[in-house]
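The values are calculated or read from the model by the stated rules, or taken from the named source; none is laboratory data. Computed from a predicted structure; not experimentally measured. Here the Cβ is made from the backbone with ideal geometry for all residues, glycine too, and neighbour counts use every protein chain on show. Surface areas here come from the heavy atoms of the whole protein model, side chains and all, with no ligands, DNA or RNA. Shrake-Rupley method; radii C 1.70, N 1.55, O 1.52, S 1.80 Å.
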Protein chains: 2
Amino acid sequence: MVTIREVAKIAGVSMTTVSRAFNPKAVIKEETRQRIFKIADDIGYAPNISARGLVTNKKFVIGVFLSSIHTDMSTYLSDIISNIHDSLPENYLLSVEGIDRIQSFDQKVKNRFDGILVVSQSAADNQFIYKLKNNNIPMVVVLRAMDNPEIDNIYADDEKGILDAINYIARQGHKRIGFIEGPPSYENTIKRRRGVELGCVANHLKLVDDAIKIGDFGPITGKNLMEEILELPKEIRPTCVVCANDDMAIGAFRACYEKGIKIPEEMSITGFDDNSYSKLSTPALTTISNPIPEMASLGIKRLISTIESPKKVRLFQSLPTKLIIRESVAKI
Amino acid sequence: MVTIREVAKIAGVSMTTVSRAFNPKAVIKEETRQRIFKIADDIGYAPNISARGLVTNKKFVIGVFLSSIHTDMSTYLSDIISNIHDSLPENYLLSVEGIDRIQSFDQKVKNRFDGILVVSQSAADNQFIYKLKNNNIPMVVVLRAMDNPEIDNIYADDEKGILDAINYIARQGHKRIGFIEGPPSYENTIKRRRGVELGCVANHLKLVDDAIKIGDFGPITGKNLMEEILELPKEIRPTCVVCANDDMAIGAFRACYEKGIKIPEEMSITGFDDNSYSKLSTPALTTISNPIPEMASLGIKRLISTIESPKKVRLFQSLPTKLIIRESVAKI
DNA sequence: TGCTTATATGTTACCGGTAACATTATTTAG
DNA sequence: CTAAATAATGTTACCGGTAACATATAAGCA
């Protein structure tokens, strides 16, 4: 392994000067720096991160911790990661982990990250989040609103998103709707449900009791629960079922397809997320776009900036969602 | 920051003993180890990775480098990552990067990884792969066959996969087929095309010239190219179009839907990958499963084992694909 | 020209661990 | 019961950088 000392010897300067050459903000004559770069390149020198980290206490690693690697937003993962990379200085590594898999916080997390972006879907992550806080690890939580005023936070206005959808459904002339919601442990579930409830009273829509179902954000439950809804007698069966995410909506499509029920003529369906498949389904899914990649991107920017200069005021930002009207809701 | 010396002082032992307590293979009395663990836990000690890495030259970071974060296998990303985590000791971090984004190899890669899993789709990655080789960084290349006998390699038998599909299509009574293939720079494109060609001659199928189209593995080209195929007069138009991946097949579905062409009655379609949406499409897509998560998982296992004890014989393994018959190919 | 200030570079201690080697405590065996 | 073997722990140099401080060189100015 070639070290800073060898470069120094060849260049006829001290180690410190070489060190300076590799530290952008250090003061050094540009000409010297270039000469050192040239030599370093020739003999294949690259700074040893461990040695550097030992003294600076930096790791040049940013962590993205998701509630679980497998979730309803797994289709977003590549978007999230590439958006993060766009906002991340090249000398940082991006480590992707699942909160649900951490066995030993000390081993996995402590002393390993300069900062962590928590993409959190559930209050179950709070324990982890507070451990980060206690260890003074710079952190931004996205996706879910946190009420702790000391935690930087970016989230989306899910309630408003669903409300927009319900208003639209009402305008299309629907009178009875069903709702396939997410698991109760997810905060988004609560906000989306509130959106549905608010929307229904505001528009005098009937939210059919027997057509309120609890799913797990996966397509299989979407399908199964939609099958149950389709068993309902036609007079009370809803004409539109709103699903708490796209994956369940796609499952619901499948249930209709198997029963020969035409979408949207005989059954309208909406989703939430606007994931990459929703525009490709047949018919294309009317849904609500969820600014997940934007949250990740903004979150990382904030994180980097916090690492470089700690902030005194909290970031607490809500990002808008947007109704994406496609083909899965009929005009009645 | 609490160091090993403080733990040592409290425990009344030397630093080395504490160090041993935290190194699983070190020889130390179990009783002493437990006592040290207890103290460490009390005062919140965790080993400093940088200091440790400085002397051992280990980083406890594994890299996964994908040709590009955005590719036809972006839907696999969460599968790949979680499969990798399943095979990765907890003290390793997993860094996810795109080969196409590396600006400075020295800065981003050198001295930063104990080993790297290269998920490679294209010969364009070779430059990167050979740099890893030159720097003696342990590496396993998956997804694409490499002919260099010094590089550990796991790939899938794409040609056989497509061949199985063509045989099946022929058995269903089809006579004329079309082919929407991938970009020429991808190795898989070549192997899949060869599978199609072989299958056609073996089964006396006509591969319609005007229905051979070059896509980019994205759903949009799948749609556009299928539209072109649908323009063909009915007498020469293929009755089945094989798509080189699922995403393009889904795009092709969309083209048919918009033109009111029934799948599979009026047009049969197949894909490749068996990604998570192929079972959910309407109709469900007949496709070929691609053992990407298995490759990632096996690759990581090999990598870890290579890091722990360097291997002298090369790993060169082909994994089988499997025809998944669903609903998108009609019997004629 | 000489003195002050700014710029560029050098000297040295130290960051927090680990490995080699040395030493002491404990077993084992004759 | 003692010598030899084994287990457990200690001492110390060092891994490859950086930061604080010291010094040398160049530039600015009366």
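Here is a check on your reading of the model: is B:LYS234 of a type in the set (Lys, Arg) and outside the structural domain of B:GLY199 (by TED's automatic domain parsing)? Full working, then the answer.
Numbers: of a type in the set (Lys, Arg): yes; outside the structural domain of B:GLY199 (by TED's automatic domain parsing): no.
Criteria not met by B:LYS234.
Checking the condition of a type outside the set (Phe, Trp, Tyr), under 30 Å from B:LYS262 (Cα atoms), open to solvent by 10 Å² or more (accessible area, probe 1.4 Å) and in contact (Cβ under 8 Å) with a residue 12 or more places away in the chain, which residue from A:GLU294, A:GLU231, A:GLU227 passes?
Working: A:GLU294 fails: under 30 Å from B:LYS262 (Cα atoms); A:GLU231 fails: in contact (Cβ under 8 Å) with a residue 12 or more places away in the chain.
One residue alone meets the criteria, A:GLU227.
Kindly check whether there is at least one residue in region B:272-284 that is in a helix (DSSP H, G or I), assigned by TED's automatic domain parsing to the domain that holds B:VAL208 and surrounded by 24 or more Cβ atoms within 10 Å (Cβ to Cβ).
We begin by selecting, within region B:272-284, every residue in a helix (DSSP H, G or I); these are none.
Within region B:272-284 (the criterion being in a helix (DSSP H, G or I), assigned by TED's automatic domain parsing to the domain that holds B:VAL208 and surrounded by 24 or more Cβ atoms within 10 Å (Cβ to Cβ)), the answer is no, since none of the residues qualifies.
Suppose we filter A:ILE39, A:ILE43, A:ILE49 for residues that are within 16 Å of DNA strand C (Cβ to nearest atom) and more than 28 Å from A:SER305 (Cβ to Cβ); which single one remains? Lay out the reasoning, then the answer.
Values: A:ILE43 fails: within 16 Å of DNA strand C (Cβ to nearest atom); A:ILE49 fails: more than 28 Å from A:SER305 (Cβ to Cβ).
Being within 16 Å of DNA strand C (Cβ to nearest atom) and more than 28 Å from A:SER305 (Cβ to Cβ) holds for just one of A:ILE39, A:ILE43, A:ILE49, which is A:ILE39.
Does any residue of region A:201-210 turn out to be part of a strand (DSSP E or B), open to solvent by 10 Å² or more (accessible area, probe 1.4 Å), within 30 Å of A:LEU303 (Cα to Cα) and hydrophobic (A, V, I, L, M, F, W, C)?
No, region A:201-210 contains no residue that is part of a strand (DSSP E or B), open to solvent by 10 Å² or more (accessible area, probe 1.4 Å), within 30 Å of A:LEU303 (Cα to Cα) and hydrophobic (A, V, I, L, M, F, W, C).
Which of the residues that make up region B:1-39 are among the charged types (D, E, K, R) and open to solvent by less than 60 Å² (accessible area, probe 1.4 Å)? Steps first, answer last, please.
Going residue by residue through region B:1-39, those that are among the charged types (D, E, K, R) are B:5-6, B:9, B:20, B:25, B:29-31, B:33, B:35, B:38.
If the condition is that a residue be among the charged types (D, E, K, R) and open to solvent by less than 60 Å² (accessible area, probe 1.4 Å), then B:ARG33 is the only one that fits.
Inside region B:168-184, can you point out the residues that are assigned to a helix (DSSP H, G or I) and open to solvent by 50 Å² or more (accessible area, probe 1.4 Å)?
Within region B:168-184, the first condition is being assigned to a helix (DSSP H, G or I), and the residues that meet it are B:168-171.
Listed by number, the list holds a single entry, B:ARG171.
Do you know which of the residues in region B:18-32 that are at pLDDT below 95 and more than 40 Å from the chain's Cα centre (by Cα) is nearest to DNA strand C (Cβ to nearest atom)?
B:LYS29
Do we have any residue at all in region A:49-68 that's over 16 Å from the mean Cα position of the chain (by Cα) and closer than 20 Å to A:LEU298 by Cα? Please lay out each step first, then the result.
Of the residues in region A:49-68, the ones over 16 Å from the mean Cα position of the chain (by Cα) are A:49-61.
Going one step further and asking which of them are closer than 20 Å to A:LEU298 by Cα, we end up with A:60-61.
Yes.
Any residue at all in region A:127-135 that is modelled with pLDDT under 95, surrounded by fewer than 18 Cβ atoms within 10 Å (Cβ to Cβ), touching a helix residue (DSSP H, G or I) at 6+ places or on another chain (Cβ under 8 Å) and basic (Lys, Arg)?
Checking region A:127-135: not a single residue is modelled with pLDDT under 95, surrounded by fewer than 18 Cβ atoms within 10 Å (Cβ to Cβ), touching a helix residue (DSSP H, G or I) at 6+ places or on another chain (Cβ under 8 Å) and basic (Lys, Arg).
State whether the residues of region A:67-80 include one that is more than 9 Å from DNA strand C (Cβ to nearest atom), touching a residue at least 24 places away in the same chain (Cβ under 8 Å), touching a helix residue (DSSP H, G or I) at 6+ places or on another chain (Cβ under 9 Å) and of a type in the set (Gly, Ala, Ser).
yes
So A:ARG192 passes all but one of these: (1) at pLDDT 95 or above; (2) open to solvent by less than 60 Å² (accessible area, probe 1.4 Å); (3) not in a helix (DSSP H, G or I). Which condition number does it fail?
So A:ARG192 meets the others, but not (3).
Going by what's in this entry, would B:ILE288 be described as under 30 Å from B:SER95 (Cα atoms), in contact (Cβ under 8 Å) with a residue 60 or more places away in the chain, buried (at least 24 other Cβ atoms within 10 Å of the Cβ) and of a type in the set (Val, Ile, Thr)? Lay out the reasoning, then the answer.
Numbers: under 30 Å from B:SER95 (Cα atoms): yes; in contact (Cβ under 8 Å) with a residue 60 or more places away in the chain: yes; buried (at least 24 other Cβ atoms within 10 Å of the Cβ): yes; of a type in the set (Val, Ile, Thr): yes.
When the stated conditions are applied, B:ILE288 passes them.
Do any helices (runs of 4 or more DSSP H) lying entirely in region A:1-117 carry at least 2 residues that are within 8 Å of another protein chain (Cβ to nearest Cβ) and within 16 Å of DNA strand D (Cβ to nearest atom), and which ones are they? I'd like the intermediate steps shown before the answer.
Working: elements: A:4-11, A:15-21, A:30-43, A:49-56, A:77-87, A:105-108.
Once the helices (runs of 4 or more DSSP H) in region A:1-117 are filtered for at least 2 residues that are within 8 Å of another protein chain (Cβ to nearest Cβ) and within 16 Å of DNA strand D (Cβ to nearest atom), what remains is A:49-56.
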